[in-house]
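The values are calculated or read from the model by the stated rules, or taken from the named source; none is laboratory data. What you are looking at is a predicted structure, and each value in this text was computed from that prediction instead of being measured. Backbone-built Cβ (ideal geometry, glycine too); neighbour counts: all protein chains shown. Each accessible area value is taken on the protein alone, full model and side chains, heavy atoms only, with ligands, DNA and RNA left out. Shrake-Rupley method; radii C 1.70, N 1.55, O 1.52, S 1.80 Å.
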Amino acid sequence: MIQVSPSILSADFANLERDLAMLAECGADMAHVDVMDGHFVPNLTIGAPVVKALRKVTALPLDVHLMISEPHKYIEDFAKAGADFLTIHVECDSPIAETLELIRSHGVKAALSVKPNTPASAIEPYLPMLDMVLVMSVEPGFGGQSFIPSALEKSAQLREMIDRINPSCLLEIDGGVSEENAPDCIRAGVNVIVAGSAVFRSDDRKKTISALRGGLESGCN
């Protein structure tokens with residue numbers, strides 16, 4: 001089953017409760033929450049207090065992506081705030097295995113992300129500990145970027161590793177994904193699609209979410 005996790009980075013931050021309700025009505029499987037620290041990536045977004053507020057107003061699983069240099073310092077905060085998935089970067093400054101264990105100790109699903117210039121092999125040692133792998137198909141930090149085609153080959157490499165080592169692990173892709181390139185992502189083995197601009201700029205968001213996973217339903221704005 002292909003899941004869609006729209007990124008609220010493209011939502012209206014003055015109306016997040018409304019936009020989360022819209023995502024649920026339109027068939028989203030999760031809500032992707034981008035956390036940026038201004039150090040690991042050149043942008044600042046939200047922190048654990050906002051995740052806590054989101055948790056109170058939606059039943060959608062919160063797919064929280066920590067684009068921060070030292071995520072181990074904040075795992076407890078985000079876990080207590082209500083994250084369902086916590087994704088850290090293999091390129092971060094925290095001890096990877098220990099941080100993944102910390103995430104799981106809080107009953108949260110653990111995920112590991114890889115930037116465009118980092119090889120898929122960097123993920124392999126940690127696969128037995130993971131509930132999800134996130135392939136970045138843009139340089140992390142800003143929404144609205146163009147999809148990097150080499151992410152498809154990396155996704156295929158990771159799919160082979162996942163099937164061999166930890167078949168229950170999900171494979172997610174994030175960055176510049178649209179109705180046009182989503183089928184290529186799915187063929188490469190991806191089963192969770194993050195899309196921000198494609199969903200929130202759509203005139204028919206239900207149709208777009210359905211199209212991202214291969215269907216054609218419509219009727220939700």
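Condition check ((1) surrounded by fewer than 17 Cβ atoms within 10 Å (Cβ to Cβ); (2) touching a residue at least 24 places away in the same chain (Cβ under 8 Å); (3) outside any loop (DSSP other than H, G, I, E, B)) across all residues:
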{"residue": "Pro140", "(1), (2), (3)": "no, yes, no"}
{"residue": "Ser146", "(1), (2), (3)": "yes, yes, no"}
{"residue": "Lys154", "(1), (2), (3)": "no, yes, yes"}
{"residue": "Gln157", "(1), (2), (3)": "no, yes, yes"}
{"residue": "Met161", "(1), (2), (3)": "no, yes, yes"}
{"residue": "Ile173", "(1), (2), (3)": "no, yes, yes"}
{"residue": "Gly176", "(1), (2), (3)": "no, yes, no"}
{"residue": "Val190", "(1), (2), (3)": "no, yes, no"}
*Hey, can you tell me all the residues within region 82-101 that are open to solvent by 60 Å² or more (accessible area, probe 1.4 Å) and not in a loop (DSSP other than H, G, I, E, B)?*
Glu98, Glu101
_If Ser202 satisfies all but one of (1) more than 24 Å from Leu44 (Cα to Cα); (2) outside any loop (DSSP other than H, G, I, E, B); (3) touching a helix residue (DSSP H, G or I) at 6+ places or on another chain (Cβ under 7 Å); (4) not β-branched (Val, Ile, Thr), what's the number of the condition it fails?_
(2)
*Can you name the number of the only condition in (1) among the polar types (S, T, N, Q); (2) assigned to a helix (DSSP H, G or I); (3) closer than 20 Å to Ser113 by Cβ that Asn15 fails?*
(3)
